[in-house]
Amino acid sequence: MVRKTFVIDTNVLLHDPLAITKFQDNDVVISLSVLDELDSLKRNSDERGKNARDVLRYIDSLNALHNGNFHEGIVLPQGPKVKVFFDSFFEKKKDFPLSLDKMSHRTIFIAFLLRDKSEKVIFVSKDFVSRVKAESLGLEAEDYENLKFSYEGIYKGIRQLQVSKKEIDLFYKDGIIPLTTIPFENVAANEYFILTTPERSSAVCKFNHKTKMLEPLIKRDKGVWGLQPLNVEQKCVLDLLFRDDIPLVTLMGPAGTGKTLLALACGISRVFDEGTYSRLLVSRPIVPLGKDIGFLPGTKDEKLFHWMQPIYDNLEFLCESSSGAGNGEATLEWVMESKKIEMEAVTYIRGRSLPKMYIIIDEAQNLTPHEVKTIISRAGKGTKVVLTGDPTQIDNPYLDKDSNGLTYTVNKFRDQPLFGHVFLDKTERSELAAVAADIMN
């Protein structure tokens, strides 16, 4: 097997602080420009700053153990040999056309120099443009694949299965169907099934991983804060959100399928009507302003109001639906004055301990796998976490539908009994929204 040299860009380390340990028995090269960029970010209070500090501390620990021998290379217990490239950037080669004033160009230049030494060199970056530039110079370039899962083949959490009418009748009679009765494979914990027959009989059920049976959904005689499920997918979502033995739920699908509205309605019901949870915490990533809210005037709550406007819109709709026309404003005022709803930026969740709370993270596709891990690990005893989002609509420049935290969570937790997932396909916002989602791909 040919030993390879991977020259890694700064954004790879910010995406995964342990990236340098995951290149098996190969060489990993970090340029001085990457270290400089990490050093400039380490004072930030957001997740990028935390990751920059983690990387620098890890490199410093290696330095202490191996007496600073980064020029020769330090072999890690995981297999890779890590080197820091010290060559001067000002010894510019005639055939390197990019300006070295830009940090990313300097890292590409390192790969360019090493390639000229006949090494098997691969430039690794989360930035598509940087990879294209590297490839235009004849370099081999790759995205960082370690925290990636294919979105195209993602687990849906719900599937259709054709059975006999006898089995449907037995299900309605006994309330269960043994797993051995139906021939299907790779059933995930808490997966939902839509059973149909040639005679057009149907039933909706959930797999119970403990009994190995298909069981009916939780019966609800009324809607949730004025909402009624409009399709089978939404019925399954409500079932997941009302199960206390499933503390982690992900809802995925295009705009208008009801992900956020259903999560918010159930959260309000569980907090205000049932008292199952002490508070409702709603958060969204602040992507357009670079993970921070300091560019807007006013207090933290005033700044957050602009970013949480979609949540407030949904709250107004729910209050209007539950109270009747004309009474929604008073209900909303009562809800907000109760101090049982908290709006927070994802940036400020890290470091908190959140017991007995119902947490909704909206637009979770804009989070990295490490950011989602940070959020989930904040959940205290009796807390439920709901992640919603659409991986096809990502604003983070270094994430895509395969590498974002929402897709990663679904694939990592699929077989865990404490996890449930539903992919919603059908848009219910309006006829116009449904047509737009269908034809404007």
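The values are calculated or read from the model by the stated rules, or taken from the named source; none is laboratory data. Worth saying up front: this structure is predicted, and the values here are computed from it rather than measured. Heads up, the Cβs are rebuilt from the backbone with ideal geometry, glycines too, and the neighbour counts pull from every protein chain shown. Each accessible area value is taken on the protein alone, full model and side chains, heavy atoms only, with ligands, DNA and RNA left out. Shrake-Rupley method; radii C 1.70, N 1.55, O 1.52, S 1.80 Å.
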Fill in: Residues of region 20-43 classified as in contact (Cβ under 8 Å) with a residue 60 or more places away in the chain, more than 21 Å from ASN69 (Cβ to Cβ) and either under 20 Å from the mean Cα position of the chain (by Cα) or not in a helix (DSSP H, G or I) (or both), total
1
Discussion item. Only one of ILE375, ILE359 is over 13 Å from the mean Cα position of the chain (by Cα), closer than 17 Å to PRO247 by Cβ and surrounded by 18 or more Cβ atoms within 10 Å (Cβ to Cβ). Can you tell me which?
Written reply: ILE359
Worksheet item: Looking only at residues in region 143-162 that are free of Cβ contacts under 8 Å to residues at least 40 places away in the same chain and open to solvent by less than 70 Å² (accessible area, probe 1.4 Å), which one is nearest to LEU14 (Cα to Cα)?
Response: GLY153
Item to complete: Run down ARG115, ARG48 and say which single residue is touching a helix residue (DSSP H, G or I) at 6+ places or on another chain (Cβ under 7 Å), crowded, with 17+ Cβ neighbours inside 10 Å and modelled with pLDDT under 90.
Response: ARG48
Worksheet entry | Tally of residues being within 14 Å of VAL422 (Cβ to Cβ) and in contact with a Cys (Cβ under 9 Å, 6 or more places away or on another chain) across region 205-239 | 5
Item to complete: Restrict the check to region 339-346 and report whether at least one residue is at pLDDT below 90, surrounded by fewer than 20 Cβ atoms within 10 Å (Cβ to Cβ) and part of a helix (DSSP H, G or I).
Response: no
Worksheet item: Restricting the search to region 120-146, which residues are over 18 Å from VAL34 (Cβ atoms), in a loop (DSSP other than H, G, I, E, B) and not small (Gly, Ala, Ser)?
Response: LYS120, LEU137, GLU145
Worksheet item: Restricting the search to region 200-229, which residues are surrounded by 14 or more Cβ atoms within 10 Å (Cβ to Cβ), in a loop (DSSP other than H, G, I, E, B) and in contact with a helix residue (DSSP H, G or I) (Cβ under 6 Å, 6 or more places away or on another chain)?
Response: SER201, LEU217, TRP225, GLY226, PRO229
Fill in: Residue within region 403-419 that is open to solvent by 20 Å² or more (accessible area, probe 1.4 Å), polar (S, T, N, Q), under 12 Å from the mean Cα position of the chain (by Cα) and closer than 27 Å to ASP143 by Cβ present
yes
Item to complete: Would you please name the residue that is nearest to GLU191 (Cα to Cα), looking only at residues in region 244-263 that are among the β-branched types (Val, Ile, Thr) and assigned to a loop (DSSP other than H, G, I, E, B)?
Response: ILE246
Item to complete: For region 413-441, enumerate the residues that are free of Cβ contacts under 8 Å to residues at least 40 places away in the same chain and part of a helix (DSSP H, G or I).
Response: GLU431, LEU432, VAL435, ALA436, ASP438, ILE439
Fill in: One residue from LEU296, LEU304 being at pLDDT below 80 and part of a loop (DSSP other than H, G, I, E, B)
LEU296
